[in-house]
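Below is one structure; the comments refer to it alone.
The values are calculated or read from the model by the stated rules, or taken from the named source; none is laboratory data. Being a predicted model, the structure only gives us computed values, none of them experimental. Cβ placement follows ideal geometry from the backbone for every residue including glycine, while neighbour counts extend to all protein chains displayed. When the accessible area is computed, the model is the full protein with side chains, heavy atoms only, and any ligands, DNA or RNA have been set aside. Shrake-Rupley method; radii C 1.70, N 1.55, O 1.52, S 1.80 Å.
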Amino acid sequence: MTNSLADSSAEVTANRAWRLRRRPAGAAVPGDLELVSEPVAPLEDGQALVRTLVLSVEAASRIWMGHQRAFMPPVDLGAVMRGVGIGEVVQSRREDMKVGDIVAGFVGWQEFCCADDRRLEAPLSVLPSPLPAPVSAFVGILGHPAITAYLGVDFLDPRPGQTVVVSAAAGSVGSIAGQLAKLRGARVVGIAGGPAKCRHVVEDLGFDACVDRKDPDWAALLDAALPDGVDGDFENAGGPILDHLLMRLNLNARVLLCGEVAQYDDSGDRSGWQGLVNIDQIHMQRATMRGLIVTDHLDRWPEAIGALAELWGSGQLRYDETVVSGLDEAPSALTDLLAGDTTGKLIVAVAEPSTIPGHPLTTSAA
Ligand SMILES: NC(=O)c1ccc[n+]([C@@H]2O[C@H](COP(=O)([O-])OP(=O)(O)OC[C@H]3O[C@@H](n4cnc5c(N)ncnc54)[C@H](OP(=O)(O)O)[C@@H]3O)[C@@H](O)[C@H]2O)c1
(Lines give C-alpha, C1' and ligand atoms only; values in the text may rest on other atoms or scores of the structure.)
Protein backbone atom coordinates (compact mmCIF):
# COMPACT_ATOMS: atom_id res chain seq x y z
CA MET A 1 0.00 0.00 0.00
CA THR A 2 3.04 2.22 -0.44
CA ASN A 3 3.25 2.97 -4.15
CA SER A 4 2.45 6.42 -5.38
CA LEU A 5 0.04 6.79 -8.26
CA ALA A 6 1.29 6.70 -11.82
CA ASP A 7 2.14 10.08 -13.33
CA SER A 8 -0.77 10.68 -15.71
CA SER A 9 1.02 13.34 -17.71
CA ALA A 10 3.89 11.09 -18.87
CA GLU A 11 4.05 10.06 -22.55
CA VAL A 12 2.67 6.57 -23.16
CA THR A 13 5.44 4.24 -24.31
CA ALA A 14 5.07 1.20 -22.08
CA ASN A 15 2.39 -0.67 -20.25
CA ARG A 16 2.74 -2.52 -16.97
CA ALA A 17 0.40 -5.47 -16.58
CA TRP A 18 -0.20 -8.26 -14.09
CA ARG A 19 -0.19 -11.56 -15.97
CA LEU A 20 -1.32 -14.91 -14.53
CA ARG A 21 1.79 -17.00 -13.88
CA ARG A 22 0.19 -20.10 -12.37
CA ARG A 23 -3.16 -21.24 -11.03
CA PRO A 24 -3.33 -20.88 -7.24
CA ALA A 25 -3.17 -23.98 -5.09
CA GLY A 26 -5.71 -23.12 -2.40
CA ALA A 27 -5.66 -19.46 -1.37
CA ALA A 28 -4.36 -17.05 -4.01
CA VAL A 29 -0.94 -15.55 -3.21
CA PRO A 30 0.72 -12.57 -4.92
CA GLY A 31 3.31 -14.89 -6.56
CA ASP A 32 0.54 -16.39 -8.69
CA LEU A 33 0.78 -13.23 -10.78
CA GLU A 34 3.71 -11.51 -12.44
CA LEU A 35 4.12 -7.80 -13.17
CA VAL A 36 5.52 -7.32 -16.66
CA SER A 37 6.49 -4.22 -18.59
CA GLU A 38 5.74 -4.26 -22.29
CA PRO A 39 5.62 -1.75 -25.15
CA VAL A 40 2.35 -0.11 -26.16
CA ALA A 41 1.57 -0.82 -29.80
CA PRO A 42 0.46 2.06 -32.05
CA LEU A 43 -3.33 2.24 -32.36
CA GLU A 44 -5.15 0.84 -35.37
CA ASP A 45 -8.50 2.06 -36.68
CA GLY A 46 -11.27 1.04 -34.29
CA GLN A 47 -9.03 1.17 -31.21
CA ALA A 48 -8.60 3.56 -28.30
CA LEU A 49 -5.97 3.65 -25.59
CA VAL A 50 -7.42 3.72 -22.10
CA ARG A 51 -5.43 4.62 -19.00
CA THR A 52 -6.66 2.75 -15.93
CA LEU A 53 -7.67 5.10 -13.12
CA VAL A 54 -9.11 2.66 -10.59
CA LEU A 55 -9.38 -1.11 -10.41
CA SER A 56 -12.08 -2.96 -8.53
CA VAL A 57 -10.70 -5.75 -6.34
CA GLU A 58 -13.21 -8.53 -5.99
CA ALA A 59 -13.71 -12.07 -4.84
CA ALA A 60 -14.52 -13.31 -8.34
CA SER A 61 -10.87 -12.81 -9.33
CA ARG A 62 -10.04 -15.94 -7.36
CA ILE A 63 -12.51 -17.93 -9.49
CA TRP A 64 -10.99 -16.63 -12.71
CA MET A 65 -7.44 -17.50 -11.57
CA GLY A 66 -8.47 -21.12 -11.11
CA HIS A 67 -10.26 -23.51 -13.41
CA GLN A 68 -13.68 -23.76 -11.82
CA ARG A 69 -16.77 -24.05 -13.98
CA ALA A 70 -18.06 -20.48 -13.69
CA PHE A 71 -19.93 -17.66 -15.39
CA MET A 72 -16.82 -16.60 -17.30
CA PRO A 73 -13.95 -18.79 -18.50
CA PRO A 74 -10.71 -19.02 -16.52
CA VAL A 75 -8.04 -16.46 -17.32
CA ASP A 76 -5.50 -18.15 -19.60
CA LEU A 77 -2.06 -18.72 -18.12
CA GLY A 78 0.15 -15.84 -19.26
CA ALA A 79 -2.81 -13.56 -20.00
CA VAL A 80 -3.40 -10.18 -18.37
CA MET A 81 -5.44 -10.71 -15.19
CA ARG A 82 -9.10 -10.01 -15.83
CA GLY A 83 -10.49 -7.12 -13.82
CA VAL A 84 -13.13 -4.43 -13.87
CA GLY A 85 -12.12 -0.81 -13.60
CA ILE A 86 -12.60 2.74 -14.75
CA GLY A 87 -10.26 4.41 -17.22
CA GLU A 88 -9.83 7.55 -19.30
CA VAL A 89 -9.37 7.58 -23.05
CA VAL A 90 -5.95 9.09 -23.76
CA GLN A 91 -5.70 8.31 -27.50
CA SER A 92 -8.43 7.31 -29.91
CA ARG A 93 -8.99 6.00 -33.43
CA ARG A 94 -12.61 5.15 -32.66
CA GLU A 95 -15.65 7.16 -33.77
CA ASP A 96 -17.50 6.40 -30.52
CA MET A 97 -14.72 7.24 -28.03
CA LYS A 98 -12.92 10.52 -27.76
CA VAL A 99 -9.94 11.59 -25.69
CA GLY A 100 -11.20 12.51 -22.23
CA ASP A 101 -14.08 10.04 -22.20
CA ILE A 102 -14.30 8.09 -18.95
CA VAL A 103 -15.03 4.42 -19.57
CA ALA A 104 -15.98 1.43 -17.42
CA GLY A 105 -15.59 -2.32 -17.86
CA PHE A 106 -13.03 -5.09 -18.14
CA VAL A 107 -9.87 -2.98 -18.44
CA GLY A 108 -7.71 -5.69 -16.86
CA TRP A 109 -5.03 -5.42 -14.20
CA GLN A 110 -2.82 -3.08 -16.17
CA GLU A 111 -1.99 0.58 -16.63
CA PHE A 112 -3.22 0.79 -20.22
CA CYS A 113 -5.84 -1.15 -22.08
CA CYS A 114 -6.44 -1.22 -25.81
CA ALA A 115 -10.17 -0.66 -26.22
CA ASP A 116 -10.91 -2.75 -29.27
CA ASP A 117 -14.34 -4.38 -29.32
CA ARG A 118 -12.99 -7.13 -31.60
CA ARG A 119 -10.54 -8.22 -28.85
CA LEU A 120 -12.05 -7.34 -25.48
CA GLU A 121 -14.31 -9.84 -23.69
CA ALA A 122 -16.97 -7.14 -23.41
CA PRO A 123 -17.08 -3.61 -24.83
CA LEU A 124 -16.20 -0.77 -22.44
CA SER A 125 -19.04 1.63 -21.79
CA VAL A 126 -18.65 5.40 -21.85
CA LEU A 127 -19.78 7.08 -18.62
CA PRO A 128 -21.75 10.36 -18.58
CA SER A 129 -19.87 13.63 -18.97
CA PRO A 130 -19.32 15.55 -16.78
CA LEU A 131 -18.81 12.61 -14.43
CA PRO A 132 -21.47 13.01 -11.72
CA ALA A 133 -19.51 11.34 -8.88
CA PRO A 134 -15.93 10.40 -7.90
CA VAL A 135 -14.36 7.93 -10.34
CA SER A 136 -14.33 4.99 -7.92
CA ALA A 137 -18.08 5.25 -7.27
CA PHE A 138 -18.64 3.63 -10.68
CA VAL A 139 -17.15 0.35 -9.47
CA GLY A 140 -18.84 0.72 -6.09
CA ILE A 141 -22.02 2.41 -5.00
CA LEU A 142 -22.95 3.34 -8.60
CA GLY A 143 -21.44 0.21 -10.16
CA HIS A 144 -21.75 -3.55 -10.33
CA PRO A 145 -21.41 -4.42 -6.60
CA ALA A 146 -24.22 -2.14 -5.47
CA ILE A 147 -26.33 -3.03 -8.51
CA THR A 148 -25.89 -6.69 -7.55
CA ALA A 149 -27.14 -5.83 -4.06
CA TYR A 150 -30.09 -3.90 -5.49
CA LEU A 151 -31.19 -6.67 -7.87
CA GLY A 152 -30.62 -9.39 -5.26
CA VAL A 153 -32.70 -7.63 -2.62
CA ASP A 154 -35.38 -7.02 -5.21
CA PHE A 155 -35.59 -10.78 -5.72
CA LEU A 156 -35.73 -11.43 -1.94
CA ASP A 157 -38.56 -8.86 -1.75
CA PRO A 158 -38.24 -8.38 2.02
CA ARG A 159 -41.23 -7.11 4.01
CA PRO A 160 -41.70 -5.75 7.54
CA GLY A 161 -41.88 -8.65 9.97
CA GLN A 162 -39.53 -10.78 7.89
CA THR A 163 -35.89 -11.67 8.59
CA VAL A 164 -33.14 -11.35 5.99
CA VAL A 165 -29.64 -12.70 6.55
CA VAL A 166 -26.62 -11.37 4.63
CA SER A 167 -23.17 -13.01 4.58
CA ALA A 168 -19.97 -11.03 3.89
CA ALA A 169 -22.05 -8.26 5.41
CA ALA A 170 -19.23 -5.74 5.75
CA GLY A 171 -18.14 -6.18 2.12
CA SER A 172 -19.00 -4.21 -0.97
CA VAL A 173 -22.12 -6.16 -1.93
CA GLY A 174 -23.26 -7.31 1.51
CA SER A 175 -23.06 -3.88 3.15
CA ILE A 176 -25.39 -2.40 0.55
CA ALA A 177 -27.70 -5.45 0.39
CA GLY A 178 -28.29 -5.38 4.14
CA GLN A 179 -29.02 -1.67 4.17
CA LEU A 180 -31.46 -2.02 1.26
CA ALA A 181 -33.29 -4.88 3.01
CA LYS A 182 -33.47 -2.74 6.15
CA LEU A 183 -34.92 0.15 4.16
CA ARG A 184 -37.68 -2.24 3.05
CA GLY A 185 -38.55 -2.85 6.71
CA ALA A 186 -37.07 -6.30 7.33
CA ARG A 187 -35.04 -7.35 10.35
CA VAL A 188 -31.52 -7.82 8.99
CA VAL A 189 -28.86 -10.11 10.42
CA GLY A 190 -25.33 -9.92 9.05
CA ILE A 191 -22.50 -12.45 9.10
CA ALA A 192 -18.93 -11.10 9.09
CA GLY A 193 -15.44 -12.12 10.16
CA GLY A 194 -14.32 -10.83 13.56
CA PRO A 195 -15.79 -8.72 16.36
CA ALA A 196 -14.65 -5.37 14.92
CA LYS A 197 -16.36 -6.02 11.59
CA CYS A 198 -19.51 -7.22 13.35
CA ARG A 199 -19.58 -4.01 15.41
CA HIS A 200 -19.19 -1.97 12.22
CA VAL A 201 -22.07 -3.84 10.57
CA VAL A 202 -24.44 -3.09 13.46
CA GLU A 203 -23.25 0.33 14.62
CA ASP A 204 -22.33 1.97 11.30
CA LEU A 205 -24.42 0.09 8.74
CA GLY A 206 -27.52 -0.29 10.94
CA PHE A 207 -28.05 -4.06 10.73
CA ASP A 208 -30.05 -5.45 13.66
CA ALA A 209 -27.43 -8.04 14.57
CA CYS A 210 -24.22 -9.53 13.19
CA VAL A 211 -22.68 -12.93 13.83
CA ASP A 212 -18.92 -13.51 13.80
CA ARG A 213 -18.25 -16.39 11.40
CA LYS A 214 -14.78 -16.83 12.90
CA ASP A 215 -16.20 -17.58 16.36
CA PRO A 216 -15.99 -21.35 17.01
CA ASP A 217 -19.65 -21.20 18.12
CA TRP A 218 -20.81 -19.37 14.98
CA ALA A 219 -23.59 -21.87 14.22
CA ALA A 220 -25.18 -21.55 17.68
CA LEU A 221 -24.74 -17.77 17.58
CA LEU A 222 -26.44 -17.68 14.20
CA ASP A 223 -29.37 -19.72 15.49
CA ALA A 224 -29.69 -17.36 18.47
CA ALA A 225 -29.69 -14.33 16.14
CA LEU A 226 -32.45 -15.90 14.02
CA PRO A 227 -35.24 -16.72 16.51
CA ASP A 228 -37.89 -16.31 13.80
CA GLY A 229 -36.00 -18.20 11.10
CA VAL A 230 -34.96 -16.84 7.70
CA ASP A 231 -37.31 -15.43 5.07
CA GLY A 232 -34.57 -14.15 2.80
CA ASP A 233 -30.94 -15.23 2.48
CA PHE A 234 -28.60 -12.93 0.55
CA GLU A 235 -25.88 -15.52 0.15
CA ASN A 236 -22.30 -14.38 -0.44
CA ALA A 237 -20.51 -17.13 1.50
CA GLY A 238 -21.74 -20.54 0.36
CA GLY A 239 -20.16 -23.62 1.98
CA PRO A 240 -20.99 -24.45 5.62
CA ILE A 241 -22.75 -21.11 6.29
CA LEU A 242 -25.23 -21.67 3.49
CA ASP A 243 -25.72 -25.27 4.52
CA HIS A 244 -26.51 -24.18 8.07
CA LEU A 245 -28.89 -21.44 6.97
CA LEU A 246 -30.88 -23.91 4.88
CA MET A 247 -32.03 -25.52 8.15
CA ARG A 248 -33.36 -22.13 9.34
CA LEU A 249 -35.43 -21.34 6.25
CA ASN A 250 -39.08 -20.44 6.77
CA LEU A 251 -41.91 -21.60 4.55
CA ASN A 252 -41.68 -19.92 1.10
CA ALA A 253 -38.25 -18.44 1.92
CA ARG A 254 -36.06 -17.06 -0.84
CA VAL A 255 -32.36 -17.71 -1.23
CA LEU A 256 -30.36 -15.44 -3.51
CA LEU A 257 -27.10 -17.04 -4.55
CA CYS A 258 -24.91 -14.02 -5.16
CA GLY A 259 -21.57 -15.65 -4.35
CA GLU A 260 -19.93 -18.61 -2.64
CA VAL A 261 -16.63 -17.11 -1.55
CA ALA A 262 -15.98 -19.97 0.91
CA GLN A 263 -15.72 -22.28 -2.09
CA TYR A 264 -13.59 -20.20 -4.44
CA ASP A 265 -10.35 -21.90 -3.38
CA ASP A 266 -11.71 -25.24 -4.60
CA SER A 267 -9.60 -27.07 -7.12
CA GLY A 268 -12.75 -27.55 -9.17
CA ASP A 269 -12.71 -31.27 -8.43
CA ARG A 270 -15.94 -31.89 -6.54
CA SER A 271 -15.74 -35.70 -6.67
CA GLY A 272 -15.11 -36.17 -2.93
CA TRP A 273 -17.16 -33.20 -1.72
CA GLN A 274 -20.05 -33.66 0.70
CA GLY A 275 -21.78 -30.54 -0.62
CA LEU A 276 -24.93 -29.04 0.84
CA VAL A 277 -26.44 -31.78 2.96
CA ASN A 278 -29.46 -29.62 3.85
CA ILE A 279 -30.47 -28.86 0.26
CA ASP A 280 -33.70 -30.81 0.85
CA GLN A 281 -34.95 -27.81 2.85
CA ILE A 282 -35.50 -25.90 -0.39
CA HIS A 283 -38.04 -28.58 -1.17
CA MET A 284 -39.48 -29.02 2.34
CA GLN A 285 -39.98 -25.29 2.91
CA ARG A 286 -41.19 -24.68 -0.67
CA ALA A 287 -38.34 -22.18 -0.91
CA THR A 288 -36.99 -20.57 -4.06
CA MET A 289 -33.26 -20.49 -4.70
CA ARG A 290 -31.94 -18.35 -7.50
CA GLY A 291 -28.52 -17.50 -8.89
CA LEU A 292 -27.76 -13.94 -10.01
CA ILE A 293 -25.07 -12.62 -12.33
CA VAL A 294 -25.34 -8.86 -12.44
CA THR A 295 -24.14 -8.48 -16.02
CA ASP A 296 -27.12 -10.55 -17.23
CA HIS A 297 -29.38 -7.63 -16.29
CA LEU A 298 -27.87 -4.62 -18.04
CA ASP A 299 -31.38 -3.49 -18.92
CA ARG A 300 -32.02 -2.80 -15.21
CA TRP A 301 -28.75 -0.96 -14.52
CA PRO A 302 -30.13 2.56 -15.19
CA GLU A 303 -33.03 1.93 -12.79
CA ALA A 304 -30.68 0.52 -10.14
CA ILE A 305 -28.09 3.31 -10.51
CA GLY A 306 -30.86 5.93 -10.27
CA ALA A 307 -32.24 4.41 -7.06
CA LEU A 308 -28.78 3.94 -5.51
CA ALA A 309 -27.70 7.50 -6.40
CA GLU A 310 -30.86 8.86 -4.77
CA LEU A 311 -30.42 6.83 -1.57
CA TRP A 312 -26.69 7.57 -1.33
CA GLY A 313 -27.13 11.25 -2.15
CA SER A 314 -29.84 11.65 0.48
CA GLY A 315 -27.74 9.94 3.14
CA GLN A 316 -30.01 6.90 3.45
CA LEU A 317 -27.29 4.54 2.26
CA ARG A 318 -23.79 4.44 3.71
CA TYR A 319 -20.98 3.50 1.35
CA ASP A 320 -17.40 2.81 2.48
CA GLU A 321 -14.27 2.29 0.44
CA THR A 322 -10.88 0.86 1.31
CA VAL A 323 -8.34 2.36 -1.07
CA VAL A 324 -4.95 0.85 -1.91
CA SER A 325 -2.53 3.00 -3.94
CA GLY A 326 -0.69 1.72 -6.97
CA LEU A 327 -1.07 -1.08 -9.49
CA ASP A 328 1.82 -2.93 -7.81
CA GLU A 329 -0.42 -3.59 -4.82
CA ALA A 330 -3.29 -5.29 -6.71
CA PRO A 331 -2.33 -8.94 -5.92
CA SER A 332 -1.80 -8.31 -2.20
CA ALA A 333 -5.05 -6.36 -2.14
CA LEU A 334 -6.84 -9.42 -3.50
CA THR A 335 -5.21 -11.62 -0.84
CA ASP A 336 -6.37 -9.17 1.85
CA LEU A 337 -9.92 -9.12 0.47
CA LEU A 338 -10.23 -12.89 0.43
CA ALA A 339 -8.77 -13.12 3.93
CA GLY A 340 -11.52 -10.76 5.09
CA ASP A 341 -9.10 -7.98 6.05
CA THR A 342 -11.00 -5.18 4.30
CA THR A 343 -14.37 -3.49 4.66
CA GLY A 344 -16.59 -1.86 2.09
CA LYS A 345 -15.50 -1.66 -1.53
CA LEU A 346 -11.81 -2.39 -2.11
CA ILE A 347 -10.30 -0.16 -4.77
CA VAL A 348 -6.84 0.05 -6.27
CA ALA A 349 -6.14 3.68 -7.18
CA VAL A 350 -3.89 3.40 -10.23
CA ALA A 351 -3.63 6.92 -11.70
CA GLU A 352 -5.08 10.38 -11.19
CA PRO A 353 -7.24 11.47 -14.13
CA SER A 354 -5.33 13.75 -16.51
CA THR A 355 -8.22 14.54 -18.84
CA ILE A 356 -10.52 15.68 -16.00
CA PRO A 357 -7.89 17.19 -13.69
CA GLY A 358 -8.99 17.73 -10.12
CA HIS A 359 -11.92 15.34 -10.37
CA PRO A 360 -11.92 13.18 -7.21
CA LEU A 361 -10.56 9.70 -7.85
CA THR A 362 -12.15 8.06 -4.80
CA THR A 363 -15.15 8.89 -2.64
CA SER A 364 -12.88 9.63 0.33
CA ALA A 365 -11.07 12.24 -1.79
CA ALA A 366 -14.36 13.97 -2.72
N1 LIG B 1 -23.55 -12.35 -8.57
C2 LIG B 1 -22.90 -11.30 -9.02
O3 LIG B 1 -23.15 -10.79 -10.10
C4 LIG B 1 -21.83 -10.75 -8.12
C5 LIG B 1 -21.25 -9.48 -8.38
C6 LIG B 1 -20.27 -9.02 -7.48
C7 LIG B 1 -19.89 -9.80 -6.38
N8 LIG B 1 -20.49 -11.03 -6.19
C9 LIG B 1 -20.18 -11.86 -5.03
O10 LIG B 1 -20.47 -11.11 -3.88
C11 LIG B 1 -19.66 -11.58 -2.81
C12 LIG B 1 -18.92 -10.41 -2.24
O13 LIG B 1 -17.90 -10.08 -3.17
P14 LIG B 1 -17.04 -8.76 -3.11
O15 LIG B 1 -16.17 -8.81 -4.29
O16 LIG B 1 -17.94 -7.61 -2.89
O17 LIG B 1 -16.13 -8.98 -1.83
P18 LIG B 1 -16.33 -8.49 -0.36
O19 LIG B 1 -17.61 -8.94 0.20
O20 LIG B 1 -15.99 -7.03 -0.27
O21 LIG B 1 -15.13 -9.31 0.29
C22 LIG B 1 -15.24 -10.71 0.37
C23 LIG B 1 -15.61 -11.10 1.79
O24 LIG B 1 -15.93 -12.47 1.83
C25 LIG B 1 -15.81 -12.92 3.16
N26 LIG B 1 -15.22 -14.25 3.18
C27 LIG B 1 -13.97 -14.61 2.80
N28 LIG B 1 -13.78 -15.94 2.99
C29 LIG B 1 -14.94 -16.41 3.49
C30 LIG B 1 -15.35 -17.70 3.91
N31 LIG B 1 -14.55 -18.76 3.84
N32 LIG B 1 -16.61 -17.83 4.37
C33 LIG B 1 -17.43 -16.77 4.46
N34 LIG B 1 -17.10 -15.52 4.08
C35 LIG B 1 -15.85 -15.35 3.61
C36 LIG B 1 -14.91 -11.91 3.88
O37 LIG B 1 -15.72 -11.19 4.80
P38 LIG B 1 -15.82 -11.60 6.34
O39 LIG B 1 -14.46 -12.06 6.77
O40 LIG B 1 -16.25 -10.34 6.99
O41 LIG B 1 -16.85 -12.67 6.40
C42 LIG B 1 -14.49 -10.96 2.77
O43 LIG B 1 -14.34 -9.64 3.25
C44 LIG B 1 -18.73 -12.65 -3.38
O45 LIG B 1 -19.27 -13.91 -3.12
C46 LIG B 1 -18.76 -12.34 -4.86
O47 LIG B 1 -18.43 -13.43 -5.64
C48 LIG B 1 -21.44 -11.49 -7.04
- Note on the structure: Computed ³J(HN,Hα) along region 178-189: with the Karplus parameters 6.51/-1.76/1.60, θ = phi - 60°, integer Hz and x for glycine or proline, the list is x, 5, 5, 5, 5, 4, 8, x, 7, 7, 10, 10
- Item | Summed residue charge, Cβ within 14 Å of residue 40's Cβ, Lys/Arg positive, Asp/Glu negative | -2
- Item | Reference-scaled alpha-carbon Rg (2.2 N^0.38 Å with N residues) for region 189-266 | 1.06
- Message: Using the Karplus curve 6.51 cos²θ - 1.76 cosθ + 1.60 with θ = phi - 60°, what ³J(HN,Hα) values do you get for each residue of region 141-152, in whole Hz, with x for Gly and Pro?
- Response: 5, 10, x, 4, x, 6, 5, 4, 4, 4, 5, x
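Out of the total accessible area of region 218-351 (probe 1.4 Å, heavy atoms of protein only), what percent is carbon and sulfur?
Details: 3080 of 6050 Å².
Roughly 51 percent of what the probe reaches on region 218-351 is carbon or sulfur.
May I ask you to derive the relative contact order of the chain, considering only C-alpha pairs under 8 Å and at least 6 residues apart, and to give it as an integer percent? Mind showing how you got there, number by number?
Values: 805 pairs, mean separation 78.4, N = 366.
For the chain, the relative contact order is 21 percent.
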- Note on the structure: Using alpha-carbon positions, the gyration tensor of region 287-359 gives root eigenvalues a ≥ b ≥ c; with a/c under 1.5 called rounded, otherwise prolate if a/b exceeds b/c, else oblate, the class is oblate
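How big, in percent, is the set of alpha carbon pairs in the chain lying more than 41 Å apart? Walk me through the numbers before you get to the answer.
Values: 8040 of 66795 pairs.
Everything past 41 Å amounts to 12 percent.
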- Which of the cysteines found in the chain have nothing to pair with, since no other Cys Cβ lies under 4.7 Å from theirs? 113, 114, 258
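For region 37-169, what does the alpha-carbon gyration tensor say about shape, rounded, prolate or oblate, given a ≥ b ≥ c as the root eigenvalues, a/c under 1.5 as rounded, and a/b over b/c as prolate? Walk me through the numbers before you get to the answer.
Numbers: a/c = 2.67, a/b = 1.57, b/c = 1.70.
In terms of gyration-tensor shape, oblate.
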- Quick one: Karplus J couplings for region 299-313, per residue in order, coefficients 6.51, -1.76, 1.60, θ = phi - 60°, nearest Hz, x for Gly and Pro? 4, 9, 4, x, 4, 5, 4, x, 5, 5, 4, 5, 5, 5, x
- Can you tell me the FRET efficiency between residue 276 and residue 11 if r is taken as the Cβ-Cβ distance and R0 is 45 Å, rounded to the nearest 0.05? 0.25
- Taking a ≥ b ≥ c as the square roots of the eigenvalues of the Cα gyration tensor of region 247-334, is the shape rounded (a/c under 1.5), prolate (a/b larger than b/c) or oblate? oblate
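Could you report the chain's accessible area per residue, 1.4 Å probe, as an integer in Å²?
Numbers: 15780 Å² over 366 residues.
For the chain, the per-residue accessible area is 43 Å².
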- For residue 322, which sequence-distant residues (separation of 5 or more, or a different chain) have an amide H within less than 5 Å of its own amide H, given hydrogens modelled in the peptide plane? 345, 346, 347
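What is the local net charge at residue 343, summed over the other residues whose Cβ is closer than 12 Å to its Cβ (Lys, Arg +1; Asp, Glu -1)?
Neighbourhood net charge equals -1.
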- Which lysines have a Cα lying under 20 Å from the Cα of residue 98, excluding residues fewer than 8 positions away in the same chain? none
- Have a look at the DSSP beta bridges in the chain and tell me what percent are antiparallel, nearest 5. 50
